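The values are calculated or read from the model by the stated rules, or taken from the named source; none is laboratory data. Just so you know, these numbers come straight off a predicted model, no measurement behind them. Every residue, glycine as well, gets a Cβ built from its backbone with ideal geometry; the counts of neighbours run over all protein chains shown. Calculation scope for accessible area: heavy atoms of the full protein, side chains included, ligands and nucleic acids excluded. Shrake-Rupley method; radii C 1.70, N 1.55, O 1.52, S 1.80 Å.
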Amino acid sequence: MRVVSALCGALLLLLVVGAIPRGHAQTATGTNKRASALESGAPTTSVADGHLRMLALLEEIRKRNSVENLYTGADFHAGERHLLKQLRIDSPPAQQARLRLLVGKDELRLGNNQEAIEHLRKAYDLSDSRLVQPAFQLAVAYLRLGEARNCIAHRDAASCILPIRDGGIHRDQDPARTAIQHLTEVLRRQSSHKAARWLLNLAYMTVGGYPAEVPGAFLIPPERFESEQDVPRFRDVALELGLNTVSLSGGAIADDFDGDNWLDLVVSDWNPNGQLRFFRNNGDGTFGERTEEAGFLGLYGGLNLVQADYDSDGDLDVYVLRGAWLEKAGRHPNSLLQNDGNARFRDVTIDAGLGGNHYPTQTAAWADFDNDGDLDLYVGNETFPSQLFRNNGDGTFSDVAVAAGVTNDAVAKGVVWGDYDGDRLPDIYVSNFGAVNRLYRNAGDGTFSDVAAEANVTYPFKSFPTWFWDFNNDGSLDLFVSGYERRVDDVAAHFMGLPSMETEPDSLYAGDGSGSFRDVGFEVNLNHITQPMGSNFGDLDNDGFLDFYLGTGYPEYEGLMPNLLFRNVGGKQFVDVTTSAGVGHLQKGHGVAFADFDHDGDQDLFVELGGAYAGDVYANALFENPGFENNWLVVRLVGVESSACAIGSRIRAVISENGNRRSVYRWVNSGGSFGANPLRQHIGLGRAARVDRLEIYWPASDRTQVFRDVGVNQFVVVREDRDGLEARPYQAVEFGP
């Protein structure tokens, strides 16, 4: 769909917003005590003005992008190009080479591949033949050119899937073969160059020459790419569904925004020129883009997204996070987008009191920290103080972070809520990059205390995504925290069977439910070097134990490393099934969502792909689950005294399987800290024929509902104030037009 200009979009939105009544009809499942307060709020004209004011702010940021943005600004490094023009023809070759190298890398980052190669070629020709960096950067530029000509211009479902083969082999092989020449040259000069060896093997894959043509001294053996366990192969169907939009890094939410029970998609692009997009699930195996109809035109940027029913009116709203990675230049406004129930949104950030201070961020999470029945919001900022917005119950928020003691004052990369100590009060975990992590324990009086050191969950020191979950189904929340380092060498070392030198391993902290944790990462086989950004968890095989997917990468172009899928084996071990499942995409992975888009009873995997630099674009992927022949139950909770979308509530399914009785636990949330799963919970049941006992615990009301002998393979709705289950239609469809 063609996106109109920002001015036309603003005029259109003024008309649309003015036509939408402030309060839409409540669903038959009911309202709660906050609905009347929202109905008596600010008039429609105020909301419209707030929306248009946000559009104006984002348009101004878009205009300044060229000179302010390190990653996407065409003029940010204009001084280097100016210096290059001023160089005398008799300037020292080393000086010319250094400047050409800088300008060449800048052109590559901007997506000007041919111009980049010209500068890098001259830098290579002018450099001391003993230096490896000019040859390496030239090889990287040719690899990117090959990606642009093949994987982007002529994308196949197998493109960039490790190990590259079949449809992923390049049609135009000239760029990759030139890269091979330069990478081989680097390795002949410096055989220990791990990144060059890694990229050399990938380059040979793109031309169909792996492993036979790879020089023996530099070959990474094929068995190093094999999965630890075989699973059915997933298929990327994004291309045929029109979901393969090309963008830079961004967020993704999978959820039902229009109340038809089908899961839609909201996808962002962190570029200040990148349009927020909405894809409606048509319920027939297809999606249709409804960006304009959703009121998204002119809403640019957003590295991450998270959903919640903040106003308790029965539909899901969206919070957009902006400005991360840019430090002081990233003081961009976030957006709170209020849903009218029909997937039509308007920006109410300013009216809701969330627009007073703009700080760079990419992570936030919703929870009812004071158990008053409405959702509060914690925003983890980078370098600047983090914010805790208490929901006032009337559509507005107040920042109470200072009084609560949760400002963090570090570079927050992931934030999650979870009641780790079982006292009914959600606590906050903050993953920081380059600082110890925080575990803020909720005291129940509006204040928190950092007990991370006491609980022994301060590391990794350089970390990124994080989440609370119950990986072993013992009824206690556990904690995953990833290690992160901006280098490909350690990832390459893992595939070469060499020790890593810099990157910290991921931590998996097993909780005991009383407030203590123990890092069991190595015990459960999580000894990989992963370096993830976007990531999430779900139960792909419906066995009741949660698996997870890591979207890997870092901004530089040589950061080609496979996204990773880990299967949970009975809560006792994780195995890498990436290549067997066919989901080891080499492009940088960001927003990740596990969701059953086609209602066939298993979770598919959506991945928002693309990097940080303007030229590092790629198309998104939707991996269709082939099925594992296990049973399942989908449960949507509707709160009345508790928050309407039930975030923080707990589900326990007691089942009997092969004569053994066991429990499966889920806490209502959107999953990890970068990418959002549906808030309705998909519960794998293995081969169990019935759910013997289904328990729902509502922390705000401290109530437990119990349902017995529940049928499997169905979608049910549970209301906090009713004793029965409401079955919803759940008809499977086939993907494709």
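Some observations on this one:
- Once the 1.4 Å probe is applied to the protein heavy atoms, region 193-323 comes out at 27 Å² accessible per residue.
- Cα convex hull of the chain - mean projected area over all directions, nm²: 29.7 nm²
- Dipole magnitude (debye, nearest 20) for region 252-408, charges at Cβ of Lys, Arg, Asp, Glu: 840 debye
- Extension gain for Lys328 to Asp445 (0.36 nm times residue separation, less C-alpha to C-alpha distance): 38.8 nm.
- FRET E, pair Asn658, Glu223, Förster distance 30 Å, beta-carbon r, rounded to 0.05: 0.35
- The lysines whose alpha-carbon is closer than 19 Å to the alpha-carbon of Lys122, local same-chain residues fewer than 8 away aside, are Lys85, Lys105.
- The reciprocal of the average 1/r between distinct C-alpha atoms defines the Kirkwood hydrodynamic radius, which for region 401-555 equals 16.1 Å.
- Cα-projected label distance for Ala453 with Arg708, points at 7 Å along beta-carbon direction, nm: 5.2 nm
- Against the empirical 2.2 N^0.38 Å (N residues), region 473-582 has a Cα radius of gyration ratio of 1.09.
- Solvent-accessible area per residue, Å², over region 452-529 with all protein chains present [probe radius 1.4 Å]: 37 Å²
- Sites excluded, trypsin sites (Lys or Arg not before Pro) in DSSP loops with at most 14 other C-beta within 10 Å, longest stretch of the chain: 234-485
- Paramagnetic label zone (point 7 Å from Cα along Cα-to-C-beta, Ser701; backbone N under 20 Å) in region 367-398: 367-376, 393
- Placing unit charges on the Cβ atoms only, positive for Lys and Arg and negative for Asp and Glu, gives region 352-420 a dipole magnitude near 300 debye about its Cα centre.
- Here the Karplus curve 6.51 cos²θ - 1.76 cosθ + 1.60, taken at θ = phi - 60°, turns the phi angles of region 238-245 into couplings of 4, 4, 6, 9, x, 9, 8, 5 Hz, with x standing for Gly and Pro.
- One chain, two ends: Asp128 and Leu87. Fully extended at 0.36 nm per residue, the span grows by 12.9 nm beyond their Cα-Cα distance.
- In degrees, nearest ten, helix 174-189 long axis to first principal axis of the chain (Cα): 70 degrees
- Per residue accessible area of region 570-720, 1.4 Å probe, in Å²: 25 Å²
- Ser66/Asp692 FRET efficiency (R0 60 Å; Cβ-Cβ; nearest 0.05): 0.45
- Simple Cβ-charge dipole of region 593-737, Lys/Arg +1 and Asp/Glu -1, about Cα centre, in debye nearest 20: 680 debye
- Value of Rg to Rh for region 315-463, rounded to two decimals, is 0.97; Kirkwood radius and Rg both from alpha-carbon coordinates.
- Listed residues Ala153, Val706, Gly483: farthest to the positive end of the dipole of the chain (Cβ charges): Ala153
- Crossing angle, helix 133-146 versus the chain [Cα axis fit, 0-90 degrees, rounded to tens]: 60 degrees
- Helix-only mean residue ellipticity at 222 nm for the chain, each DSSP H run of n ≥ 4 adding -39500 (n - 2.57), per residue, nearest 500: -6000 deg cm²/dmol
- Note on region 65-125: Cα-Cα pairs beyond 16 Å make up 42% of the total pair count.
- The residue among His332, Asn261, Leu321 whose Cα reaches farthest toward the positive pole of the charge dipole of region 242-342, with charges on the beta-carbon of Lys, Arg, Asp and Glu, is His332.
- 3J(HN,Hα) from dihedral phi, region 600-611, Karplus parametrisation 6.51/-1.76/1.60, rounded to Hz, x for glycine, proline: 9, x, 9, 7, 8, 10, 9, 10, 7, 10, x, x
- Only protein atoms count toward the accessible area here, which uses a 1.4 Å probe; on the chain, the carbon and sulfur part of that area reaches 48 percent.
- Using all pairs of distinct alpha-carbon atoms, the Kirkwood hydrodynamic radius of region 120-237 works out to 15.0 angstrom.
- For Asp547, nonlocal amide neighbours, meaning residues 5 or more places apart or on other chains whose placed amide H falls under 5 Å from its own, are Gly538, Asp539, Leu540, Asn568.
- For the chain: relative contact order, % (alpha-carbon pairs under 8 angstrom, 6 or more apart): 13 percent
- For region 256-271, 3J(HN,Hα) computed residue by residue from phi via the Karplus equation (6.51, -1.76, 1.60; θ = phi - 60°) reads 8, 9, 10, x, 9, 6, 9, 8, 9, 10, 10, 10, 10, 9, 5, 4 Hz, glycine and proline entered as x.
- Rh by Kirkwood over Cα pairs, then Stokes-Einstein D for region 179-293 at 0.890 mPa s and 25 °C, µm²/s: 136 µm²/s
- On Cα atoms only, tilt of 113-126 relative to the major axis of the chain in degrees: 40 degrees
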